[in-house]
Ligand code: C2O
Ligand code: CU
């Protein structure tokens, strides 16, 4: 295994999109940021220098970082922010992850522009479990606001309502030619007839689950969230913020130019939002005149829940039998809700009935502490967080019916953690509620991957639903979209001592408080214990 060193200079740089220029926060001036390429078992040592004008942290999404949450990045969870002018060295050890992961800022909304690919190749001498592709490309889906992202966040927090809608979706930082003044800003991918390409897709958008498709071509999914899947053929991809999908594209159509496109999936969002579509173009090599107009892919409709569920539910681990935890030590039932909160003075509160939106897990809306939880836990500092994470139900109701008594929609505020025993087998049923309308929730767990053993629409039925769990070859993921009107069950072994965040990867829901923290206790032997902090941890 080798060690790779990278330097991440966080700095402002001017970028022009949709005919308007703004300064954005970048890594090394690049947007999207630099890709890291390493092999399974390797370590990346990243020197992060903050030469920007705001606090920042960097997270390695999907890298488990055994015993080392100190390098994980979520602000006020595992570290305090790197202040302007300061640096922090992060130590990113890759163990069994394989395929496509990514990194992104994990403070405020900086991840809108501060993100990039983290690619893990097989160990030297090992091959992919599919034919060697002709070439590989990364496709990062993103979201662009013409206004400054800090201003978008401030306005959002102040208003108590929804954030202003982004001005474009992006493929590799480019809106594509359907948007005004974006013809030059269209991602192009060259393909040679008869060859197969490995495409590594990351959804780095802030607030949108997306559908993606390529005109006239079927794709074959071979991996997701840093692990291999059984080859799965599909006409489209459904991908939530936080997720990655690795797929093969066979260039088997008549040499021509073909559109690829991504657009929002947001099952029946009752408020106006951006229907726009980002495009890229696949250009076959050779001498020919491209068709005009180019063929455009068929994408599922924006409220096509079935298409989303069929895609996500179609993924299976590559192995015929995987090690799903069977003897459970801890079973959690967690409701995930969008809620309302009373309006504070000096806010405008444009939410329903003069309230502001909030979001919660088991009716607790997470409040970020002022000292990071990891440091408080490690140093035995009291008063930073509470350990009594409430088990459900504080209220019993039909989670997915509407309407509700208004008082049920108000969550309480808190910085509560759930403590897990070292090596315990954990099952979590994530039950979405319809207290306030919301799209599906892409729930992401730090420090662990989990098996998705079941999912369904409506209220989870503890008698019937477990009978249909897939305990044979469920997919291993780090982010899973819980249907807005349904539930998803995940299982994992809590074998990574430390402090780990779990949250919705829709930025607006996380900001509203759809977050919680797990503390995984130390095991007995020294190799089963949290490492000591590095000496350069940013001070609070
Ligand atoms: Cu992709 Cu908590 O992050
Ligand atoms: Cu959510």
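Bear in mind that the values in this text are calculations on the coordinates, not laboratory data. Just so it is clear, the model here is predicted, and its values are computed rather than measured. Neighbour counts run over all protein chains shown; Cβ positions are idealised from the backbone, glycine included.
Only beta bridges with both residues in segment 1-127 are counted; by DSSP, about 70 percent of them are antiparallel. The largest-to-smallest principal axis extents of the Cα set in segment 130-315 are 54, 37, 25 Å.
In the chain, the DSSP beta bridges split such that about 70 percent are antiparallel, to the nearest 5.
Think of it as helices only: each DSSP H run of n ≥ 4 in the chain is worth -39500 (n - 2.57), and spread over all residues that comes to -1500 deg cm²/dmol at 222 nm.
Between residue 304 and residue 289, the distance separating the two model label sites (each 7 Å from Cα on the Cα→Cβ line) works out to 3.3 nm. Given a Förster distance of 30 Å, report the FRET efficiency between residue 329 and residue 188 from their Cβ-Cβ distance, rounded to the nearest 0.05. Calculated transfer efficiency: 0.05.
Spatially, segment 79-155 and segment 463-507 are offset by 22 Å when compared through their Cα centroids. Short to long, the 10 Å bins of the Cα pair-distance histogram for the chain hold 4, 19, 31, 29, 15, 3, 0, 0 percent of all pairs. Taking every DSSP bridge with both residues inside segment 130-315, close to 75 percent are antiparallel. Projected onto planes of every orientation and averaged, the convex hull of the alpha-carbon atoms in segment 408-469 covers 6.2 nm².
Cα-based radius of gyration for segment 136-228, normalised by 2.2 N^0.38 Å, reads 1.32. Shape analysis of segment 1-127 based on the Cα gyration tensor places the equivalent ellipsoid semi-axes at 26, 17, 12 Å, largest first. Model label points for residue 467 and residue 353, set 7 angstrom from Cα along the Cα-to-Cβ axis, are 4.0 nm apart. For segment 330-528, a Kirkwood radius taken over Cα pairs fed into Stokes-Einstein (10 °C, viscosity 1.306 mPa s) yields D = 91 µm²/s. Calculated on C-alpha atoms, the gyration radius of segment 428-540 divided by its Kirkwood radius gives an Rg/Rh of 1.04.
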